[in-house]
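Read the structure below first, then the notes.
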Amino acid sequence: QVSVLYFARSAELAGLRSETLSVPRHITSLQLWEEIVKAHPRLAVIRDQVVFAVRQEYVLLGDQLLVLQPGDEVAIIPPISGG
């Protein structure tokens, strides 16, 4: 189980700020994103803009293999506009 944190637009789309999800221990970053989108299909619209962080380190969506530990933190950070 991992702790998923949603920020800004991802929180709006998911309808919550955090939750615990059960995912495989060995999973690619893209597969992890797909598991999160299964739980919250509305997140699919930000796929190409989202920044993903696992254990407070940025991860690109792709074939990168993650080895998750119980309680690891996954953050979904959409693009932040500034001015």
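Which order do the peptides 36-43, 67-74, 56-63 take when ranked by the mean count of other beta-carbon atoms within 10 Å per residue, highest first?
On the way: 36-43: 15.2, 67-74: 13.2, 56-63: 11.1.
Descending mean neighbour count gives 36-43, 67-74, 56-63.
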Checklist outcome for this item: Percent relative contact order for region 2-77, counting Cα pairs under 8 Å at least six residues apart, stands at 45
Next on the checklist: Computed from the coordinates I sent, P(r) over Cα pairs in 5 Å bins from 0, in percent equals one of (i) 3, 16, 30, 29, 16, 5, 1, 0; (ii) 3, 13, 16, 12, 10, 9, 8, 7, 6, 7, 4, 2, 1, 0, 0; (iii) 3, 15, 28, 26, 18, 9, 2, 0. Tell me the label.
Outcome noted: (i)
Item to check | ³J(HN,Hα), Karplus 6.51/-1.76/1.60, whole Hz, each residue of region 31-47, x for Gly, Pro | outcome: 5, 5, 4, 5, 5, 5, 5, 4, 6, 9, x, 5, 5, 4, 5, 9, 3
Checklist entry - So who's got an amide H within less than 5 Å of the one on Val51, skipping anything under 5 residues away but keeping other chains? H placed 1.01 Å off N, in plane. => result Ile77
Checklist entry - Excluding ligands and nucleic acids, what accessible area in Å² is computed for Ser22 using a 1.4 Å probe, to the nearest 10? => result 80
Checklist outcome for this item: Sorted by chain and number, the residues with a modelled amide H under 5 Å from that of Val23, at a separation of 5 or more or across chains, are Val2
Checklist outcome for this item: In region 2-77, taking the dipole from +1 charges on Lys and Arg beta carbons and -1 charges on Asp and Glu beta carbons about the Cα centre, the listed residue (Ile46, Gly15, Leu5) farthest towards the positive end is Gly15
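The values are calculated or read from the model by the stated rules, or taken from the named source; none is laboratory data. Computed from a prediction, not measured in an experiment: that's the story for all the values here. Because the Cβ atoms are built from the backbone with ideal geometry, glycine has one as well, and the counts that use them run over all protein chains shown. Remember, those area values only see protein heavy atoms, side chains included, never the ligands or the DNA or RNA. Shrake-Rupley method; radii C 1.70, N 1.55, O 1.52, S 1.80 Å.
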